[in-house]
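Read through the structure below, which is laid out as structure tokens, and then see the notes.
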Amino acid sequence: MKPKIGIVKFGGISFILSGLLFLGVSLFLLPVPSPPLSDTELMNWLEEWRFNISMADELLMFASLLLIPSTAGLYKVLEKTDTIKALLGCGLLVVTVPVYIILDIILGRLVYPVYDIELSPDIYKLVLSIYHGGIHAVAIILSIATIILCLVIRKSALGKSAAYFGFVVAVLDLIGAFPWLIGSAAGFVCQAASAVWFVFVGVRMIGRSGKLTDRTIAR
């Protein structure tokens with residue numbers, strides 16, 4: 001019989017896939033400039049960048065859902081090191097999932113028609129402001145979650161390198177919470193760093209999954 005994939009290994013794989021998908025979201029949105037204020041220019045802007053926004057919207061849904069098994073696997077790794085911090089950090093990470101899904105719905109409303117309902121430029125401006133406000137909130141939550149998790153990770157089997165990388169990412173998440181101030185290029189760097197950290201943690205989880213399984217069997 002083939003050995004079953006444990007929750008840690010499955011969570012690591014999910015983390016890698018989630019990170020890659022979040023990186024894809026950032027890449028699709030990178031060339032998209034800030035929305036113009038003029039009504040006519042805004043409608044032209046939406047039409048011009050419809051493909052990029054729609055692709056980012058599709059990837060965002062799956063990237064968000066993959067955080068659920070990722071967080072479960074991460075908690076399994078960290079719970080023996082510091083249960084309270086692991087629970088708090090993973091809890092904050094899970095909180096971002098429904099927010100991301102709502103943001104995905106909001107982003108999709110910019111490009112996908114619903115019963116041929118046409119929105120006015122003012123409504124589109126409201127949708128855009130809500131979306132960027134949601135991204136602001138998620139970035140702050142991720143920053144706090146990453147800091148708490150890295151306090152545990154540095155003492156865990158995942159190693160200090162993942163923790164120190166995470167501390168840098170937490171700072172970048174906080175900076176990236178203000179995309180209207182730092183610009184699209186700097187915003188991409190912040191978002192990409194977070195996605196790469198997900199991949200890095202996922203790789204470490206897969207690498208340590210066998211050792212964690214052996215410890216469990218030994219007990």
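Derivation of every value follows stated rules applied to the coordinates shown; laboratory data play no part. In this text the structure is predicted, and so the values were computed from the model without any measurement. Cβ coordinates were reconstructed from backbone atoms using ideal geometry, including for glycine residues, and neighbour counts include every protein chain displayed.
Using +1 on the beta carbon of Lys and Arg, -1 on that of Asp and Glu, and nothing else charged, what's the dipole of region 77-200 about the Cα centre, debye to 20?
Numbers: 7 positive and 7 negative charges, 124 e Å.
It comes to approximately 600 debye.
Sort Thr40, Thr81 so the one with the fewest other Cβ atoms within 10 Å of its own Cβ comes first.
Thr40, Thr81
The 3J(HN,Hα) values that the Karplus relation (6.51, -1.76, 1.60; θ = phi - 60°) gives for region 115-124 are, in residue order, 6, 6, 6, 9, 9, 7, x, 5, 5, 4 Hz. Gly and Pro appear as x.
Computed over region 11-124, the quotient of the alpha carbon radius of gyration and 2.2 N^0.38 Å is 1.33.
Diffusion coefficient of the chain by Stokes-Einstein, Kirkwood radius over Cα pairs, 4 °C, 1.567 mPa s: 71 µm²/s.
Are there any trypsin sites (Lys or Arg not before Pro) in region 18-122 that are in a DSSP loop and have at most 13 other Cβ atoms within 10 Å? List them by number. Hits after loop and neighbour filter: Lys80.
With neighbour counts taken as other beta-carbon atoms within 10 Å, the residues Val111, Val138, Val8 rank, fewest first, as Val111, Val138, Val8.
Shown for Ile140, Ile84: other C-beta atoms within 10 Å of each C-beta, ranked fewest to most, produce the order Ile84, Ile140. On alpha-carbon atoms, Rg over Rh for region 124-218 using Kirkwood Rh? So for region 124-218, dividing Rg by the Kirkwood Rh gives 1.12. Computed from label points 7 Å out along Cα-Cβ, the spacing between Lys125 and Glu48 is 1.9 nm. Each of Leu21, Ile130, Pro33 was placed along the dipole of the chain (beta-carbon charges, centred on the mean Cα), and the one lying farthest toward the positive end is Leu21.
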